[in-house]
Every structure is written in C-alpha cells, then in structure tokens.
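Everything on this sheet refers to the single structure shown next.
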Amino acid sequence: MAAQRGNEQYHAPFSNLPPLVPGPVGAKPSSSTAFLRALREDLDQQAQNKKSTTIEYIIAVIWRSRIFNLSPGHVYLADMNGKTLTSQFPVPRGMFDMPNKTKNWKETLQDEGRFPDAIYKIPIPDINSLDYQAKIQNNKEFWTLLPHNSEQTNCTIAADKTLSAGKVPLPDKPITPNTFDDMLAELAVFHPKEGITILNYIPWDPSIKLQFKDRINIINKK
C-alpha cells in the first residue's frame, strides 16, 4: 500500500511480503509469528525514518576449512562498524541439531583460534531486507551441518540467505565456507561490476591484517 508523503508516494519496503494470517478467534499467536510481525513492523518504521539513498556495505569474513586440525571453517557477516549480522555456531559443539547461537566478533575470533583466510567488502542494494533476514537466521532454533527444515541453519546458509535477501547477486548456493569463499572471490576478481572487493584488513579490528600475496595464491589454485 502506498502512503502519501508530501507530493511523493512512499511504498513500505515489506508491503510485498505475504500477510501474516491470524489464527482462530481468541487463539494466541505463536511466538515465531509474533516475532516476525514485530520485526517487520520495526523494520518498516526504520525504513520510513531513513532518508539516505546511499549504498551501504557490509563485511564478510571467511575461515576456510582445515582438515588437518579438524576446523570446519566459518562465515561471519557484520556491518562496517563490526556489529554482527550472522555468525552461527552450534553450542555446545556438534554436527546435527545443536542449539543455534550467534557470536559477536570477539567470540568468533576466539572460537576460530586463527586469523581468517578472506575478507570481502560487499555493497548491499536492500539493507532493510538484509537486516530482516539476518535476524531471522539469528533466531533459528538449531544449528545443523545440512539444514533441511525451517528451524535449522548454519554459518554458511545464514550468510547466503542474508546476502540474497539484501539482493546481492550470488550466482551459486554455497553449502560450506570454502565454496562461499570461492564464489565471492570469483565475483570480486572476474565480475568487478558487482562491486565486491577483497580486503586485507578488518575495518573495526586493526590487529587483523592479511597478505594479499597469500590471498591471490588461494584464488589462483581454484
């Protein structure tokens, strides 16, 4: 529905989402339905208050898997100030249907125990939809290696769904941190018009600095 604002029409950014259908009269809404309704209303209000039309960017940080030390790898998304968008972990550690927890940057870095392998700066055409999907992924009940229902996620799936919701043109559906890294590296190197760039530093953490030489060697091996 379009609302009038001065001489212009304003279209709510989530007006194209399917309506939340109420249950029987007198029935209480499920917690997930109530959460989605409140989240959508909050983000709609944020969008109405936001007047800037500049492109916003986020950072994707990737740890590639390392079989020799049993590291499965990880994908972390944050805004340019280091506010976590997605960083899904099973707590406690496990492979299937463990409680899903979103960790902040400090917790993620400590959990991985090493510097990341790749850092990308990604332009986001639709930041409100990206935020909406990130919060949905954060609130999934379970972390699992291979999600197959609506209550499951993992770090790679959460990042993929979040970027896709933000209308980042991802050509594939990666299922591991390595394939996620491969996809972003290809976009950055061979499709520069998409605006994805490779960084060798973390904008909010000056202690992290990668060697471009090492990153190019990884790309050339793909």
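Excluding residues fewer than 8 places away in the same chain, name every one of the aspartates and glutamates whose C-alpha is closer than 16 Å to that of Lys106.
Cross-link targets: Asp79, Asp205.
Quick one: His74, His191, His148, fewest Cβ neighbours within 10 Å first, how do they rank?
Lowest to highest Cβ neighbour count: His148, His191, His74.
Enumerate by residue number the trypsin sites (Lys or Arg not before Pro) in the stretch 64-156 meeting two conditions: DSSP loop (anything except H, G, I, E, B), and at most 13 other Cβ atoms within 10 Å of the site's Cβ.
Passing both the DSSP loop test and the Cβ count: Lys83, Arg93, Arg114.
Can you sort Asp205, Asp117 by how many other beta carbons sit within 10 Å, fewest first?
Neighbour counts put them in this order, fewest first: Asp205, Asp117.
Considering the alpha-carbon set of the stretch 48-138 alone, what are its Rg and its Dmax in angstrom?
Values for the stretch 48-138 (Cα only, Rg and Dmax): 14.7, 50 Å.
Every number in this text was worked out from the coordinates using simple rules, so none of it is lab data. These numbers were taken from a predicted model, which means no experiment stands behind them. So basically every Cβ, Gly included, is an ideal-geometry build from the backbone, and we count neighbours across all protein chains shown.
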